[in-house]
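The values are calculated or read from the model by the stated rules, or taken from the named source; none is laboratory data. Just so it is clear, the structure is predicted and the values come from calculations on it, not from any experiment. A quick note on method: Cβ atoms are made from the backbone with ideal geometry, for glycine too, and the neighbour counts reach across all protein chains shown. In case anyone asks, the SASA skips ligands and DNA or RNA and just uses the protein heavy atoms, side chains included. Shrake-Rupley method; radii C 1.70, N 1.55, O 1.52, S 1.80 Å.
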Amino acid sequence: MSFAFTLHETDGPARLGEIRTPHGLVHTPAFMPVGTQGAVKAMRHVDLEAIGAEIILGNTYHLFLRPGDELIARRGGLHAFIGWTRPILTDSGGYQVFSLAARRDVTEAGARFRSHLDGTQHLLTPERAVDIQARLGSDIAMVLDECLGYPAARDAVAESMQRSLRWAGRCRERMRELRAGGSHRIPVTNPGQAQFGIVQGGVFEDLRHESAAATVAIGFEGYAIGGLSVGEPTGVMYDIVETTARRLPERQPRYLMGTGTPEDLVECVARGIDMFDCVMPTRNARNGQLFTSEGRINIKNARYAEDDRPLDARCACYTCRTHSRAYLRHLYMAGEMTAGALNTLHNLSFYLDTMRKIREAISLRAFEKFRQEFLRSASRLSPDS
Ligand SMILES: [Zn+2]
């Protein structure tokens, strides 16, 4: 089965759709839990399946350094190696090179960097990012792009955006070569793999428009908006998402990279986004920060020491069905590993439930009503804020 996107319904700019991949369907709008090193931290795959995760994200930078994409290809690709049968999206590795690597030097050729693990030196070129992801065999691969922080001067953003466009062209060309039969002896572990382009341009509307037009002209199976959620004000992020999404093809999926809070998901669906990923639900869970239908809870707070209520009375996840806030606080304070597992299970359930409710609201053409109610309850002051 190859890649396809079907748009079922729209409600204003909000879209209800379905992505078909070689490893099954993804209902959109979708949230992708982040499985950095071939695992979503503190979660077994069986738990992810139980809460309805239809797709996870793998980080190319981490998998390339350890255990290595060639080792994974010899195991038959990432799905076979990690035992996950549903869709996987991999990033290009660029973001971690820019945020994690010990030292990096970007030239037209690519990004030269030193591993944060052992200091070994590597060169990540656009072509290499495609090859690594071909070995991993994800269902959706991303092009290599350059990521700038915020704030950045307009000239620097423009220059970087143009370089990302040239890299995108090289990534697409490499993909064409691999699809045509691969004279490069790269094991393609998933021949149905799709490739997404990434729109850059920082917070400058005209640069975003230019990048969107040029990226669409190269031609990809889907399009991402990159370079946001890097420190810009939320309102600016929403404006850039709105103006960029409008310039992307209606019949192809749109992915907002690295965002965000539950409110961000709702607000960006309202601006035409179909796919999201973010470490927030998993990372915050391990730090005891929990999302509930009545705002955020910091479980280490003393007020929960003898609170026998579930974390979120409106959540049907295993954690909320089984355990009290008092027990969850105890596990967290005692440093039990189970705390991370139970908290992550809940936070991801909350995110995936939110996406389910979003999809239902769009199908009923009642998204705007859902959005207003969701934002009202999210903005209610939680006892810990
Ligand atoms: Zn729950």
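Could you tell me what % of all Cα pairs in the chain have separations over 26 Å?
So the pairs more than 26 Å apart make up 52 percent of the total in the chain.
Once the mean of 1/r is taken over each pair of separate Cα atoms and inverted, segment 166-307 shows a Kirkwood hydrodynamic radius of 17.4 Å. Surface composition of the chain: carbon and sulfur make up 49 percent of the accessible area, probe 1.4 Å. Computed on protein heavy atoms with a 1.4 Å probe, the accessible areas place S229, S379 in the order S379, S229, largest first.
Label-to-label distance for A213 and L100 is 3.7 nm, based on points extended 7 Å past Cα in the beta-carbon direction.
To the nearest 20 Debye, how big is the dipole of the chain about its Cα centre, given +1 on the beta carbon of each Lys and Arg and -1 on that of each Asp and Glu?
620
Mind checking which lysines have their Cα closer than 19 Å to the Cα of K357? Skip sequence neighbours fewer than 8 apart in that chain. Answer for K357, where 19 Å is the Cα cut-off: K369, listed by chain and number. For the pair segment 116-184 / segment 306-380, the C-alpha centres are spaced 36 Å from each other.
With the simple model of a label 7 Å out from the Cα in the direction of the Cβ, R185 to R296 spans 5.1 nm. Annotation: amide H-H contacts under 5 Å for G17 (H modelled 1.01 Å from N, sequence separation of 5 or more, or interchain): H8, T28. Taking every DSSP helix (H) stretch of at least 4 residues in the chain, weighting each as -39,500 (n - 2.57) and dividing the sum by the residue count yields a mean residue ellipticity at 222 nm of -12500 deg cm²/dmol. Between E306 and Q372, the distance separating the two model label sites (each 7 Å from Cα on the Cα→Cβ line) works out to 4.3 nm. Only protein heavy atoms count here; under a 1.4 Å probe, D69 has an accessible surface of about 10 Å². For the chain, the solvent-accessible area of protein heavy atoms averages 42 Å² per residue (probe radius 1.4 Å; ligands and nucleic acids excluded).
Out of every Cα-Cα pair that segment 246-314 contains, those further apart than 15 angstrom amount to 63 percent. The 1.4 Å probe gives accessible areas that order D384, D91, D118, largest first, as D118, D384, D91. Cysteines in the chain that lack a partner Cβ within the 4.7 Å cut-off: C147, C171, C268, C278, C317.
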